[in-house]
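Presented below is the structure to which this report refers.
The values are calculated or read from the model by the stated rules, or taken from the named source; none is laboratory data. A quick note: this is a predicted structure, and the numbers were derived from the prediction, not measured. When we count neighbours, we look across all protein chains shown, and the Cβ atoms used for this are built from the backbone with ideal geometry, even at glycine.
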Ligand code: HEC
Ligand code: HEC
Ligand code: HEC
């Protein structure tokens with residue numbers, strides 16, 4: 001009897017494994033001779049260049065100082081480091097022998113030419129929304145780049161998570177393949193913005209929190225998340241900035257990285273704006289803003305702008321006259337020389353700290369990062385620098401943060417600031 005049960009169990013397990021194997025298996029797609037660049041119409045290549053910008057392909061597929069698109073850029077995940085691959089048309093180490101069908105399958109289904117499942121560190125869960133025509137344009141652009149010989153780096157994902165077939169299980173649970181479906185109740189402009197944001201520009205990849213298995217929580221779209229040691233703030237009505245992110249603010253920020261009320265793109269958002277979205281025409285930036293101003297319910301919050309500006313002006317008055325509190329003295333000597341523009345005077349190149357998300361977020365990480373490491377000339381406003389204050393002690397930074405939080409916002413105090421500053425300092429720039 002026992003023997004029969006054991007035998008039965010073994011059969012079930014074997015059938016299960018074989019069944020999963022069949023389910024997970026994808027055929028290889030035959031190699032082709034690398035197509036000649038002249039085979040692609042210049043208009044297609046130009047369109048692909050815009051999309052490659054909008055999808056930040058080069059940000060992830062290029063190492064610091066490395067050849068464009070040659071891969072090797074490390075992405076730290078909770079499951080180990082995954083390296084991006086070489087997507088130049090090199091026949092040996094890149095995607096030179098990939099047909100358009102193989103490229104399309106990678107973009108739409110996250111499967112490599114040889115049939116291996118790709119990790120979702122490659123945002124195919126967003127690229128699946130791209131139209132066939134846009135994938136063709138991206139293919140034309142990639143296949144006309146300079147071929148670079150650069151072999152793939154070895155990922156440090158531990159066994160058994162490194163078994164690529166297991167990704168089929170992840171996909172079954174969390175991946176929703178399929179092209180973008182327009183919302184007929186919304187305008188064409190809104191739908192264009194939604195198509196870009198949800199698809200090629202994958203805003204949710206950073207701004208949506210993920211579950212324990214690294215998948216975006218679909219019911220928490222754009223609710224804010226931790227990414228590369230920064231907080232990507234919520235892009236919903238839960239955004240903590242006292243001034244709503246309306247269409248005009250979004251257009252300014254996504255076009256230039258600077259907004260009148262909200263400050264500058266300083267961390268991982270900087271390359272999104274300056275290396276990526278810069279390729280998009282103004283009409284697409286407008287469309288993104290129309291979509292996101294709807295996502296964050298800016299219209300319903302329009303009336304909060306005037307009180308927010310009054311409150312910021314009241315905070316400005318604290319900069320005037322002698323200071324008795326040690327933290328206030330620290331602020332007036334170290335910060336106010338740049339950040340005080342006169343009561344109620346806004347200067348987008350000297351962000352108003354009462355309105356800035358860094359001071360208003362539930363988590364002080366972004367404020368601490370900006371103080372410890374400054375904002376380089378490349379990030380933020382091009383050519384404009386905020387100095388780094390990494391010679392301040394942890395206690396000084398904590399006291400400054402706590403002072404700004406208390407005097408510039410109506411939000412609760414941040415707990416354990418000393419420890420937080422030490423932790424952010426330990427992470428390094
Ligand atoms: C957030 C980072 C990121 C972005 C943005 C990104 N990729 Fe990737 N991509 C990766 C990673 C990581 C891999 C390797 C995944 C793996 O090994 O399973 C990859 C793999 C690929 C592959 C499969 C190549 C192979 O050799 O298997 C293709 C094709 C690709 N990316 C194209 C693109 C294109 C086109 C864009 C822009 C529209 C893009 N990627 C944007 C991270 C990214
Ligand atoms: C690589 C990750 C990443 C991607 C992709 C990304 N963001 Fe961000 N975003 C961030 C981070 C981190 C911040 C905050 C800190 C910073 O970098 O300035 C931010 C800040 C912002 C802000 C300012 C929010 C505030 O309250 O200050 C807006 C608006 C924004 N992003 C919109 C977008 C949109 C729209 C997209 C897609 C077109 C997008 N982001 C794509 C990481 C990302
Ligand atoms: C020498 C001038 C200068 C000083 C001193 C200075 N800042 Fe800044 N700060 C800037 C500039 C300029 C920016 C905008 C960065 C950019 O555009 O590159 C900025 C940006 C910021 C931001 C907003 C970042 C964002 O994402 O929008 C915060 C927060 C900030 N500073 C806090 C401080 C604090 C706190 C101090 C004092 C410890 C300080 N700054 C001292 C010039 C300065």
request  = Evaluate the following for residue 218: is it away from ligand 3 (no atom under 13 Å from the Cβ) and closer than 23 Å to residue 53 by Cβ?
outcome  = no
message = Let me confirm something: among 217, 171, which residue is within 16 Å of ligand 1 (Cβ to nearest atom) and within 15 Å of residue 120 (Cα to Cα)?
response = 171
query = With 406, 401, 423 as the choices, which residue is at pLDDT 95 or above, more than 17 Å from residue 262 (Cβ to Cβ) and over 26 Å from the mean Cα position of the chain (by Cα)?
reply = 406
request  = Check 243, 266, 238, 270 and return the single one that is in a loop (DSSP other than H, G, I, E, B) and within 10 Å of ligand 3 (Cβ to nearest atom).
outcome  = 266
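Results for (1) away from ligand 3 (no atom under 16 Å from the Cβ); (2) closer than 30 Å to residue 229 by Cβ; (3) within 31 Å of the chain's Cα centre (by Cα); (4) assigned to a helix (DSSP H, G or I), shown as yes or no for each residue.
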{"position": "3", "(1), (2), (3), (4)": "yes, no, no, yes"}
{"position": "8", "(1), (2), (3), (4)": "yes, no, no, yes"}
{"position": "31", "(1), (2), (3), (4)": "yes, no, no, no"}
{"position": "34", "(1), (2), (3), (4)": "yes, no, no, no"}
{"position": "49", "(1), (2), (3), (4)": "yes, no, yes, yes"}
{"position": "64", "(1), (2), (3), (4)": "yes, yes, yes, no"}
{"position": "69", "(1), (2), (3), (4)": "yes, yes, yes, no"}
{"position": "88", "(1), (2), (3), (4)": "yes, yes, yes, no"}
message = Restricting to segment 273-294, give me the number of residues that are crowded, with 23+ Cβ neighbours inside 10 Å and within 12 Å of ligand 3 (Cβ to nearest atom).
response = 0
inquiry  = Can you pull out every residue in segment 413-429 that is in a helix (DSSP H, G or I) and in contact with a helix residue (DSSP H, G or I) (Cβ under 7 Å, 6 or more places away or on another chain)?
reply    = 417, 418, 420, 421, 422, 424, 425
inquiry  = Whether any residue in segment 397-412 is surrounded by 14 or more Cβ atoms within 10 Å (Cβ to Cβ), part of a loop (DSSP other than H, G, I, E, B) and touching a helix residue (DSSP H, G or I) at 6+ places or on another chain (Cβ under 9 Å) is what I want to check.
reply    = yes
ask   = Going by the structure shown, is residue 144 more than 16 Å from ligand 2 (Cβ to nearest atom), surrounded by 17 or more Cβ atoms within 10 Å (Cβ to Cβ) and at pLDDT 95 or above?
value = yes
task = Can you give me the number of residues within segment 15-38 that are surrounded by fewer than 11 Cβ atoms within 10 Å (Cβ to Cβ) and either touching a strand residue (DSSP E or B) at 6+ places or on another chain (Cβ under 9 Å) or on the phi > 0 side of the Ramachandran plot (or both)?
result = 0
key: Options 171, 184, 220: the member that is closer than 29 Å to residue 87 by Cα and out of contact with any helix residue (DSSP H, G or I) (no Cβ under 7 Å at 6 or more places or on another chain)   = 171
note = Counted residues in segment 175-208 being part of a helix (DSSP H, G or I) and either within 15 Å of ligand 1 (Cβ to nearest atom) or in the same structural domain as residue 276 (by TED's automatic domain parsing) (or both) come to 8
note = Within segment 92-113, of all residues that are free of Cβ contacts under 8 Å to residues at least 60 places away in the same chain and in a helix (DSSP H, G or I), the one farthest from residue 28 (Cα to Cα) is 107
query = Can you name every residue in segment 319-356 that is in contact with a strand residue (DSSP E or B) (Cβ under 7 Å, 6 or more places away or on another chain) and either within 12 Å of ligand 2 (Cβ to nearest atom) or not assigned by TED's automatic domain parsing to the domain that holds residue 305 (or both)?
reply = 351, 356
